[in-house]
1. Can you find even one residue in segment 60-76 that is within 9 Å of the ligand (Cβ to nearest atom) and β-branched (Val, Ile, Thr)?
2. From the list 246, 273, which one is closer than 30 Å to residue 327 by Cβ, within 18 Å of the chain's Cα centre (by Cα) and modelled with pLDDT of 95 or more?
3. Over 29 Å from residue 189 (Cβ atoms) and of a type in the set (Gly, Ala, Ser): is that true of residue 83 in this structure?
4. If we keep just the residues of segment 286-299 that are near the ligand (Cβ under 9 Å from one of its atoms) and outside any helix (DSSP H, G or I), which is farthest from the chain's Cα centre (by Cα)?
5. Name the residues in segment 336-359 that are part of a helix (DSSP H, G or I) and either within 16 Å of the ligand (Cβ to nearest atom) or at pLDDT below 95 (or both), would you?
6. So, residue 253, is that one in contact with a strand residue (DSSP E or B) (Cβ under 9 Å, 6 or more places away or on another chain) and modelled with pLDDT of 95 or more or not?
7. Restricted to segment 1-36, and to residues that are of a type in the set (Ser, Thr, Tyr) and over 26 Å from residue 281 (Cβ atoms), which residue is nearest to the ligand (Cβ to nearest atom)?
Amino acid sequence: MSNPTDFMTMQEFAKIAKEKLSFETWDYLIGGAYTETTLKRNRQSLDNIAFRPRVLNDVEHVDASVELFGHKLRLPVIMAPIGSVQDFVEGGGVVPTKAAARFGCYHMLSSVCKPYLDAVAESVDYPKIYQLYVRGDAEWVDDHIDRAIAAGYVAFCFTVDLDYYSKRERDVAKRYLSTSRKTQASGEEWQKRFNWDDIKRIRAKYDIPLILKGIATAEDAAKCVAIGIDAVYVSNHGGRQLDHGRGGVDLLPEIVKAVNGKAKIIFDGGIMRGADVVKAMIMGADCVGIGRLQGLAAGAAGEDGLVRMLELLEEEAIAALGMLGVTKWDQLDMSYLHAAPEVTPPHVLSVFPLLDEGY
Ligand SMILES: Cc1cc2nc3c(=O)[nH]c(=O)nc-3n(C[C@H](O)[C@H](O)[C@H](O)COP(=O)(O)O)c2cc1C
């Protein structure tokens, strides 16, 4: 595929990325922890939902945009933080930031990828979010928040589900380490010590919108709300951390109830299609994150590939909204969903059935 506009479906990104990326990098991108049960459940939990459409409504003009942290997004999508994104695409973290700016959504830059915070901020004058793994004391953390604020990031995210680095056995089997893992793995004890008191201290000191990524229960969501966290990022890290977790969207009902509209809800885990975005939004998300799909598009065709992937995701989401009989997100509710058993045994790429058949 020489021209990114030639991509017509999501699975084409997966096919080309697989051809272009090394075997090691491919497995780093798509793999999950240990038995990959959480990873498979992410897909399964989305596939276990069917739609209940309504017809004969005027759906000529569908608006799939939302507002988040004071900015309008063309689609409720954040390109989720990906460590070592430089392993998939030359230019690293700058590439999804530029693609997000061209399309009109957020990129959340990972602290464990290159280039770092300031260089990425300088590369693109467009709202973006910074995500931190804690690798130092309070002074170290505050320095990162100060720098992010000075560089114009509109929100600051702590990922809190990585106290222990899980084993993705696809990587371990090959003794593979991503580039950031080779160079940025020291100081992990600070993440282990980081706790709710730290979050309270940071909340009291800073006005910047705060996001906690990796919330997986109503109990923790309630703590976020009590502390005044702006966005609860519901995530099991794409099945890359705690194995035998629940499927992603299965986390949403109890968390949506606990949050009760007092914070924004960002969700990720298994989103590969426009219909997945729509399901998560109906279940109560305000915005979704995309991890592997972003890596596949970046690996397949860089910045242009990412923009094209986002266009296709938007096209799919708008078509799904229209076929459900609505023109805006707020017209949807749980009556548009119905429980239904999945039809395909879930695995990380089962969402792309043509891949197995080689087209
Ligand atoms: C290759 C890769 C690297 C990741 N690195 C980070 C990271 O640095 N920080 C973080 O918070 N999450 C990281 N994640 C998790 C994603 O941000 C996101 O939660 C997850 O990928 C969502 O699931 P999905 O891949 O099914 O969309 C990473 C995910 C992948 C696939």
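1. Step one: filter segment 60-76 for residues within 9 Å of the ligand (Cβ to nearest atom), giving none.
Checked segment 60-76: no residue is within 9 Å of the ligand (Cβ to nearest atom) and β-branched (Val, Ile, Thr).
2. Sole residue among the options that is closer than 30 Å to residue 327 by Cβ, within 18 Å of the chain's Cα centre (by Cα) and modelled with pLDDT of 95 or more: 273.
3. When the stated conditions are applied, residue 83 does not pass them.
4. Across segment 286-299, the extreme among qualifying residues is 288.
5. Matches in segment 336-359: 353, 354, 355, 356.
6. no
7. First pass over segment 1-36, keeping only residues of a type in the set (Ser, Thr, Tyr): 2, 5, 9, 22, 25, 28, 34-35.
Pick out the ones that are also over 26 Å from residue 281 (Cβ atoms) and you get 2, 5, 22, 25, 28, 34-35.
On the way: 2: 26, 5: 24, 22: 14, 25: 9, 28: 6, 34: 16, 35: 16 Å.
Within segment 1-36, the match that is nearest to the ligand (Cβ to nearest atom) is 28.
Conditions (1) in contact with a Lys or Arg (Cβ under 8 Å, 6 or more places away or on another chain); (2) over 18 Å from residue 230 (Cβ atoms); (3) assigned to a loop (DSSP other than H, G, I, E, B); (4) within 16 Å of the ligand (Cβ to nearest atom), marked per residue:
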residue	(1), (2), (3), (4)
144	no, no, no, yes
156	no, no, no, yes
161	yes, yes, yes, yes
175	no, yes, yes, no
181	no, yes, no, yes
187	yes, yes, yes, yes
207	no, no, yes, no
214	no, no, no, yes
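The values are calculated or read from the model by the stated rules, or taken from the named source; none is laboratory data. As the structure is a prediction and not an experimental result, all values here were calculated from the model. Here Cβ is always computed from backbone atoms with ideal geometry, including for glycine, and neighbour counts include all displayed protein chains.
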